[in-house]
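Notes to accompany the following structure.
Every number here is computed from the coordinates shown, using simple stated rules; none is lab data. Treat the numbers as computed from the prediction; the structure is a model and nothing was measured. Cβ coordinates were reconstructed from backbone atoms using ideal geometry, including for glycine residues, and neighbour counts include every protein chain displayed.
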Amino acid sequence: MESRYLSDIDEGESGGRKKFGTFGGVFTPTLLTILGVIVFIREGWVIGNAGFVGGLLIIALAFLITVTTGLSMSSITSNIRIGSGGAYAIVSQSLGLEVGGSLGIPRYISQALAITLYIFGFREGWLWVFPDHHPLVIDLVVFVTIWLIAYKSADLAIKTQYVIMAVIAGALVSIAVAAAQGSMQYDLDGVGVWGSFPGAPETDFQGTTFWTVFAVFFPAVTGIMAGANMSGDLINPRRSIPIGTMSAIGVSIVIYVALAYWLARSASPEELISNYYVMIEKAAWGPAVIAGLFGATFSSALASMVGAGRILQAMGSHRVIPGSGWLGKLTKAGEPRNAMLTTGGIVLATLLVRDLNAIAPLITMFFLITYAMLNVVVIVEQGLGLVSFRPLLRVPIVIPWIGLIGSVYVMFIINPILSLFSVAVVLVFYGVLVSQDLDAPFEDVRSGLFVSFAEWAAKKVAELPSAQHRAWKPNLLVPVDNPVVLRGSFALIQSITYPKGSVKILGMKPGTAVVDFGNRLSKLANDFRKDGVFSSATVVDGESYESSVISGMQVLKGAFFRPNIVFVPAPKSDERREVFPRIIRAAAALQLGVVIHAPHPDVGLGQRQSVNVWIRDRSPDWKLRWDIGNMDLSILIAYKLKLNWNASLRLVTVVQNAEEEENARQFMSRLMDLARLPRTEVIVAVGNFSEYVPRAPQADMNIFGLGEQPDFEFIEQMSVSTKSSCLYVLDSGRESALA
């Protein structure tokens, strides 16, 4: 698997794909996406509502989530050989393609919709300057320009972003010049330490809350993955993503805080809350800030267009989505042109809708879910303690926890109902992808996660009393020297163990050559798993059937998921019959139950409609105790067959003395009640056992007790007398039908 993934990377490089460094590939798109439209037309409103300290608290809380998530993303990126797709690739390589895809699909859709919203933001600013221009024409011109740049190449997009960065720098210089020329004429007392939260012009200043203002501001900091989206186009993503992302976050924090101070000192509270373009009016040269506003929205849309296409191409290359063969293709220069065509079509369609305000919060939700999962990845990887997790940047475990809790909390303060809907969407995608049996070209840590859970469970179980009758379930050890015999018992074993039991196939190398013995057993184990029963197979090379079975029982007895029943076919040769008593005694010493299966050569399992459980004559002692003798395992197996076959169940006994008939009936009825066997028929016959068996009600399976010294003549006789397959069962002492 790993070699295949490496070859994919090498192929991309050898195809002439242009690779980018930290500054152009990560720092620039990340910084420009964070410094979006909100910094130019909403930060003043935030300060006007929340006050200077309140505004700084909003900025600090928003960036706390961003910084912790950025550190988590940087840590995990420094540990893996990340491919294309950014956050999608990170989550997929840790938690599997199903989880990565369930996040990647809505993440891609939200990224595409975000492009439309950025274009709308550009248009609003443009109309503020040129109110006579047609809105749809503005949208289409901006869209075509952005799409052509992104479609041409990532190199052209990054070069364009360099120009935009210079424009935004010019806007900030204009603001700095204004500050130097005395624009900061107000004291901080004017805006207040803590604002009165009067609200917004469009709501006639009817008031708002701290968390509502926070929800308006938070989308400003959701651009930290713009650089990570370029992961497949970076020379050294393991180094560039951490350095570029955290540097961009650090620079943007300084800019946001500095602008908050400048706004609080340069405008009155009334101006801040009523004029979204106060920054333009207070700057030394307003057109520079207007250009910065245009550049911020344009660069955010461009970075999202470039990133969305790469997310879609990455999912296509992993066969996660329909049309993957076409969407996953790259040009010789490494450009995802097909994915860009699809993305362009989606954006164009949403542009024609004209109003996406209703779903704008949903876009933020999918960003936050992605943030949360990036933090979960680090929590899981660190918590597992695997040797493979050795990131170049290791963060304290509290960092991803803060990022996770913060992301989830912000989701629900913005919109609880939409948050639940977003989670439901992700779960639906996960369910669909799980059913597709995806083949990942890389390893993930899911097996390590489950092993860790199993180790934790094993330690807890070891602390409990050894006899846990209520936790009993059938875990079969099935010795096999001929796969054909096991296939004949397959349906019965599946019926006994489904759904929560297990089957451990113990292959013993046969004396005669069986072609592909080990692979045939592995296929049988896989067939059990497909039918809902956990199964594994191993092959031992013992000196004899007896030594192999006993050795297998002894070794597996020490396993955590240990077998509790030895399931064997009835022996046909005298040599095999001679060793069975020793095998049964060894099983009893290891507290393993024994089930001998004697299939009827003609009837097999019949119609699977009825099961008879034969109970020995206990006369004269019919008192029911917790220890009911060698009946527990027989009743439990019969009950499993009843459930899985939807069969009728009978308890049958034969007494020689008619005076014991009523005592036997009461015993059987009481046993049926305490064992909780609904709709079970009780039959008590009087007479000779051997004479009654052929006249007993017909069943598809008859279950008898088994002693440590089995009577093989009796075993052969019963299959003939009952005209059915039979099971002969010996308890281990660790199961209870009354528990």
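Quick look at the values:
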{"item": "Cα pair count fraction exceeding 44 Å, expressed as % - the chain", "result": "46 percent"}
{"item": "DSSP beta bridges in the chain [antiparallel fraction, %, rounded to 5]", "result": "10 percent"}
{"item": "Cα-Cα P(r), segment 18-129, percent of pairs per 5 Å interval", "result": "2, 9, 12, 17, 19, 17, 11, 7, 4, 1"}
{"item": "Sequence of TRP147, TRP626 once ranked by neighbouring C-beta atoms within 10 Å, starting from the fewest", "result": "TRP626, TRP147"}
{"item": "Unit charges on C-beta of K, R, D, E only; dipole of segment 600-739, Debye", "result": "640 debye"}
{"item": "Tail weight of P(r) past 36 Å, computed on alpha-carbon pairs of segment 2-434, percent", "result": "23 percent"}
{"item": "Crossing angle, helix 661-674 versus the chain [Cα axis fit, 0-90 degrees, rounded to tens]", "result": "10 degrees"}
{"item": "Set LYS18/LYS159; LYS473/LYS504; LYS152/LYS332; LYS329/LYS523 screened for pairs whose C-alpha atoms are more than 24 Å apart", "result": "LYS329/LYS523"}
{"item": "Rounded if a/c under 1.5, otherwise prolate or oblate - segment 600-739, Cα gyration tensor axes", "result": "rounded"}
{"item": "Rounded tilt (10° steps) of 483-497 against the dominant C-alpha axis of the chain", "result": "70 degrees"}
{"item": "Acute angle (nearest 10 degrees) that the helix 574-589 long axis makes with the longest principal axis of the chain, alpha-carbon atoms", "result": "60 degrees"}
{"item": "24 Å Cα-Cα reach of LYS723 towards lysines, excluding residues that sit fewer than 8 places from it in its own chain", "result": "LYS572, LYS640, LYS642"}
{"item": "Efficiency of FRET from Cβ geometry, GLU708 and ARG676, R₀ 30 Å, rounded to 0.05", "result": "0.55"}
{"item": "Furthest towards positive pole of dipole, HIS318, GLY48, VAL193, structure part segment 2-434, Cβ charges", "result": "HIS318"}
{"item": "Residue order, fewest to most surrounding Cβ atoms within 10 angstrom, among VAL141, VAL216, VAL289, VAL353", "result": "VAL353, VAL141, VAL216, VAL289"}
{"item": "For segment 679-738 and segment 570-627, distance of Cα centres in Å", "result": "8 Å"}
{"item": "Residues VAL137, VAL603, VAL425, VAL191, sorted so that the one with the fewest Cβ neighbours within 10 Å comes first", "result": "VAL137, VAL603, VAL425, VAL191"}
{"item": "Base-10 log of normalised Debye intensity for segment 509-621 (one unit scatterer per alpha-carbon) at q = 0.20, 0.23 Å⁻¹", "result": "-1.45, -1.49"}
{"item": "Under the Karplus curve 6.51 cos²θ - 1.76 cosθ + 1.60, θ = phi - 60°, whole-Hz ³J(HN,Hα) for segment 601-615, x wherever Gly or Pro sits", "result": "x, 9, 7, x, 8, x, 8, 6, 10, 8, 9, 10, 10, 8, 10"}
{"item": "The chain - mean residue ellipticity at 222 nm from DSSP helices (-39,500 (n - 2.57) per run, n ≥ 4, rounded to 500)", "result": "-19000 deg cm²/dmol"}
